[in-house]
1. Please count how many residues of segment 81-102 are within 13 Å of Glu171 (Cα to Cα) and out of contact with any Leu (no Cβ under 8 Å at 6 or more places or on another chain).
2. Being of a type in the set (Val, Ile, Thr) and open to solvent by 10 Å² or more (accessible area, probe 1.4 Å) is the filter here; which residues of segment 82-116 pass it?
3. Tell me yes or no: at least one residue of segment 95-108 is outside any helix (DSSP H, G or I) and over 18 Å from the mean Cα position of the chain (by Cα).
4. Yes or no: Ala142 small (Gly, Ala, Ser), in a strand (DSSP E or B) and within 14 Å of the chain's Cα centre (by Cα)?
5. Determine whether segment 31-49 contains at least one residue that is out of contact with any Leu (no Cβ under 6 Å at 6 or more places or on another chain), at pLDDT 80 or above, among the charged types (D, E, K, R) and open to solvent by 90 Å² or more (accessible area, probe 1.4 Å).
6. Only one residue in Lys45, Lys57, Lys69 is without any contact (Cβ under 8 Å) to a residue 12 or more places away in the chain and among the charged types (D, E, K, R), so which one is that?
7. Among the residues in segment 65-75, are any open to solvent by less than 60 Å² (accessible area, probe 1.4 Å), within 23 Å of Glu171 (Cβ to Cβ) and modelled with pLDDT under 90?
8. What is the one condition in (1) at pLDDT 50 or above; (2) of a type in the set (Gly, Ala, Ser); (3) under 22 Å from Lys75 (Cα atoms); (4) open to solvent by 30 Å² or more (accessible area, probe 1.4 Å) that Gly147 does not satisfy?
Amino acid sequence: MANQSMEIITKALEYSAMLAEEKVDAQLSKLNEMDEDDLERLKEKRLDALKKAQKQKQEWLCKGHGEYKEIPSEKDFFGEVKESKNVVCHFYKNSTFRCKIIDKHLAILAKKHVETKFIKLDVDKAPFLTERLRIKVIPTLALLLDGKTKDYVVGFADLGNTDEFTTEMLEWRLGCADVINYSGNLMDRPTGTQRSGTKFTKVEKKTIRGGALDSDSDSGDE
């Protein structure tokens, strides 16, 4: 019985290898059939894509992406959010130790995910926003897309309820909100914990209009 099972597995592996080889052969054959003009067009297309990607990166960097920075007041918040599609804003207090833990991870992610702007704002300097966004737990991350608050990360509840969560865990959580370009599998939580056990903050859209926040519902808290 064991020999029969091994034989089946061996044949399956051989078949998979054969399919992979046929796929490579087909790609090589396609390349061989290309003339110099086809290859030149392919090269130009790839160079054009690289140039566009580099131009987009420079535009992001000019808008303050690529670094984790503090904004001086809630008045500056609206300008920062308006000019960037993806924004992660950390509402913090100097007296709260766990805010320093968030700072450490966001500084790393800001450099890795240039497509997103990472900022922080002292809640003591932002009474209007704190009230309008109903921020009651510190630290709280507001995750914004196109000027709308799509989601919140409230405390560490979504991050395993531990101070020892990894940068990868926070990165995965931001990826779940589509506020960064997450390259991993969102169904595969970094810690290996079942996703069904994850608690997420329920939130509705809050749109920034004319320097104010029009709130549709409560943000919820821990």
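1. Total satisfying the criteria: 0.
2. Passing the criteria: Thr96, Ile101, Ile108, Val114.
3. Yes, segment 95-108 contains at least one residue that is outside any helix (DSSP H, G or I) and over 18 Å from the mean Cα position of the chain (by Cα).
4. For Ala142, the condition - small (Gly, Ala, Ser), in a strand (DSSP E or B) and within 14 Å of the chain's Cα centre (by Cα) - is met.
5. Yes; the residues of segment 31-49 include at least one that is out of contact with any Leu (no Cβ under 6 Å at 6 or more places or on another chain), at pLDDT 80 or above, among the charged types (D, E, K, R) and open to solvent by 90 Å² or more (accessible area, probe 1.4 Å).
6. Checking each option against the conditions leaves just Lys45.
7. no
8. (4)
The values are calculated or read from the model by the stated rules, or taken from the named source; none is laboratory data. None of these values were measured; they are calculated from a predicted model. Here Cβ is always computed from backbone atoms with ideal geometry, including for glycine, and neighbour counts include all displayed protein chains. Protein only, heavy atoms only, side chains kept; ligands, DNA and RNA dropped before computing areas. Shrake-Rupley method; radii C 1.70, N 1.55, O 1.52, S 1.80 Å.
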